[in-house]
Amino acid sequence: MSYIRKVYAIVAKDVAAELRTREMLSSMFVFSLLVILVFNFAFDLRAENQKTLAPGVLWVAIAFAGMLGLSRSFIMEKDRGSIEGLLLTPVDRSAIYLGKMLGNLLFIGVVVIIILPIFIVLFNLSAEHLPSLVGVVILGIIGFSGVGTLFSAMAVHTRAREVLLPILLFPVVIPVMLASVKLTAGVLDGVPFADVQNWFSLLVGFDLIFLALSFMLFDYVMEE
Amino acid sequence: MIEIRKLVKAFGSRAVLKGVDLKVSEGEFLTLVGPNGAGKTTLMNVISTLTKPTGGQVRIAGYDLADGAVQLRRQIGLVSHKTLLYDDLSAEQNLRFYARMYDVPNADDRIETVLRQVGLWGRQRDPVRTYSRGMQQRLAIARAMLHEPPILLLDEPDTGLDQHAAAMLSELLHQVGATRRTVLMTTHNLERGLELGDRVVILAGGRIAYQADKSDLDTKRFREVYYQYVDQ
C-alpha cells in the first residue's frame, strides 16, 4: 500500500504543478488541434478518402502532442533540481517511473479526450465509433507513454535532449503507431475484430513487454 | 554513523574520488572543504545515494550503500545549493508531497512546525517561485528536516545567498547543530566552516589531504594547506 501511496503522491504532485501553470496541457492541446486542422485542410478530403486518412492523422496528432508532454516531463524536474529531491526519497525507483508514467498517460489522455470529438466532427465520422476508438487510443497511449517516460528520463541527461527524445523514441514506438493506426482504421471501417486481432495482439504484447522492461531499466537510466 | 572506506568514483576513465577514507561519528558536525573539482559534491552524491560508487565501501547508520539504499535514504536529509523544490507549487504543497514520500506521521503538524522553525509560516500558500533565494534555501532546510533525519548533508548550502540570508542560514545551522544531529557540510566559506564544524577535513584531488579536530586545529597550518591546494 505504501508503494501505491507514493506512486499516487507523484502523480498528484505532477497534476498540482500542471494545474498551477497549465503550460504543458495547453501546448499539447493547441498543437494536436493544429495538426488535425492542418491535415484536414491540406488534404482534399472527399467522402471516399476521409476514412483512409483519418487514422493516420489522429495518431500523428497524438504522437506529436505526446512528445511535447514527454519532453517536458523530466526537463522540468531536471532544470529545477527537483529530480534529485525525488531520487532521494526512500522509495524504489520503479515507483518514480510508475508515477511519472501515469502522470504522462493522464496528460496525453486528457488531450485526447478533448481532441477526439473535434476529430470526429472534422472528418465527418460517426459518433458510434467513439467507444471502440477510446479503447484503441487507451492501448496506444499506454505503450507510447510507457516507453516515452523511460526515454524522456534517458534524454534529460543529455545536452540535445529535446532533439534526442524523438530520435530515440519514434523508431521504438513504430509497432505501437502501426498497430494503433490499423486498429483505428478497423474501427472506422467497421471490420470484424478477427480481421484486426493480430494488430490488437501486437499492441497489447508491446504494452506489456515494454512496460515491464521500462519498469526494470529505470533504475539504471537514472544513474548519472 | 558514516563510515567510508577506500571509496572510488570514476566517470568513464576519469577518477574523481581516488580512495577516500572518512568516518563521521554520531552527533558530530564535520566540515569538508576543498578547491573546485576536489570531489566534494561527488562524495555527497555517493553518500546520499544519488550516485553509485565505482569501488569501496560506504556504511551509513548501519546500512550498507550497496544493498540498503532505500532504507538509508530515510536516514538522510540533504540541503544543496539547488533547492530540490518545485517552483510552481506552494511551500505547503512541496512539504506535503515530501511528507507522503517519507511517510511522515501527523504531516500537517510537522509541516507547520518546520515552516515556523524556518520563519516561513504565513507564506506557506505562496508558490515557491515568488520566494527570494534566501527564503527558498530556508524552505530547502525545512524539506530536509521534515522527516527528522539523524544525518544532515549540507552541500554548499550558502551558495548564491546574500550576507543577510547567509547569516540567517548560519543561525539555522547552529540550531541544527544544537540538536546533535550528525552533520556533514561542504563549503567554500572557511570562516563559517571553522565556526560550525567539530572537525574539518580538506578534500583535494579526490583524496583526504588534511583533517583535524577543532580543539587541536592549527588554524594557520590549516589555511596554508587549504590555499596550497586552491592555488594549484
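The values are calculated or read from the model by the stated rules, or taken from the named source; none is laboratory data. Quantities reported herein were computed from a predicted structural model and do not represent experimental measurements. Cβ placement follows ideal geometry from the backbone for every residue including glycine, while neighbour counts extend to all protein chains displayed. In case anyone asks, the SASA skips ligands and DNA or RNA and just uses the protein heavy atoms, side chains included. Shrake-Rupley method; radii C 1.70, N 1.55, O 1.52, S 1.80 Å.
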>> For the condition open to solvent by 40 Å² or more (accessible area, probe 1.4 Å), within 11 Å of chain A (Cβ to nearest Cβ), within 21 Å of the chain's Cα centre (by Cα) and modelled with pLDDT under 95, what is the one hit in B:ARG133, B:ARG74, B:ARG129, B:ARG143?
In response: B:ARG74
>> Give me the residue from segment B:37-62 that is touching a residue at least 60 places away in the same chain (Cβ under 8 Å) and more than 18 Å from B:THR182 (Cβ to Cβ) and, out of that set, farthest from the other protein chains (Cβ to nearest Cβ).
In response: B:ALA38
>> With the requirement that a residue be of a type in the set (Gly, Ala, Ser), more than 21 Å from A:GLY103 (Cα to Cα) and touching a helix residue (DSSP H, G or I) at 6+ places or on another chain (Cβ under 7 Å), what does segment A:15-73 give you?
In response: A:ALA54, A:GLY56
>> What's the number of the only condition in (1) more than 14 Å from chain A (Cβ to nearest Cβ); (2) open to solvent by 30 Å² or more (accessible area, probe 1.4 Å); (3) among the polar types (S, T, N, Q); (4) touching a residue at least 40 places away in the same chain (Cβ under 8 Å) that B:THR31 fails to meet?
In response: (2)
>> Just to confirm my filter: which strands (runs of 3 or more DSSP E) fall fully inside segment B:1-101 and include at least 2 residues that are among the basic types (Lys, Arg)?
In response: B:2-11, B:14-24
>> List the residue pairs whose Cβ atoms are under 7 Å apart, where the first residue sits in segment A:1-20 and is touching a residue at least 12 places away in the same chain (Cβ under 8 Å) and within 7 Å of another protein chain (Cβ to nearest Cβ), the second is in a loop (DSSP other than H, G, I, E, B) and of a type in the set (A, V, I, L, M), and the two are 6 or more positions apart or on different chains.
In response: A:LYS6/A:VAL91; A:ALA17/B:LEU89
> Just one of B:ARG138, B:ARG180 is open to solvent by 10 Å² or more (accessible area, probe 1.4 Å) and either of a type in the set (Phe, Trp, Tyr) or within 21 Å of B:ALA107 (Cβ to Cβ) (or both); which is it?
Replying inline: B:ARG138
>> Please verify whether A:GLY109 is under 16 Å from A:PHE29 (Cβ atoms) and surrounded by fewer than 20 Cβ atoms within 10 Å (Cβ to Cβ), treating the condition exactly as stated.
In response: yes
>> Criterion first (open to solvent by 10 Å² or more (accessible area, probe 1.4 Å), among the β-branched types (Val, Ile, Thr) and over 30 Å from B:GLU92 (Cβ atoms)) does B:VAL230 satisfy it?
In response: yes
> Which residue out of B:GLU156, B:GLU148, B:GLU195 is closer than 17 Å to B:GLU26 by Cα, surrounded by fewer than 22 Cβ atoms within 10 Å (Cβ to Cβ) and out of contact with any helix residue (DSSP H, G or I) (no Cβ under 7 Å at 6 or more places or on another chain)?
Replying inline: B:GLU148
>> Take B:ALA165 and tell me if it is touching a Gly at 6+ places or on another chain (Cβ under 8 Å) and buried (at least 17 other Cβ atoms within 10 Å of the Cβ).
In response: yes
> Looking only at residues in segment B:99-125 that are surrounded by 19 or more Cβ atoms within 10 Å (Cβ to Cβ) and within 7 Å of chain A (Cβ to nearest Cβ), which one is farthest from A:THR21 (Cα to Cα)?
Replying inline: B:TYR102
> Just to be sure, is B:ASP67 at pLDDT below 90 and either within 11 Å of chain A (Cβ to nearest Cβ) or surrounded by fewer than 17 Cβ atoms within 10 Å (Cβ to Cβ) (or both)?
Replying inline: yes
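So that you can scan it fast, the table gives a plain yes or no per residue for (1) at pLDDT 90 or above; (2) among the hydrophobic types (A, V, I, L, M, F, W, C); (3) closer than 19 Å to A:MET67 by Cα:
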position: A:ILE4; (1), (2), (3): yes, yes, no
position: A:GLU18; (1), (2), (3): yes, no, yes
position: A:ARG22; (1), (2), (3): no, no, yes
position: A:PHE29; (1), (2), (3): yes, yes, yes
position: A:SER32; (1), (2), (3): yes, no, yes
position: A:VAL35; (1), (2), (3): yes, yes, yes
position: A:ASP44; (1), (2), (3): no, no, no
position: A:ALA47; (1), (2), (3): no, yes, no
>> For the structure I just gave you, tell me whether A:ILE138 is touching a residue at least 24 places away in the same chain (Cβ under 8 Å), open to solvent by 60 Å² or more (accessible area, probe 1.4 Å), in a helix (DSSP H, G or I) and within 19 Å of A:LEU70 (Cα to Cα).
In response: yes
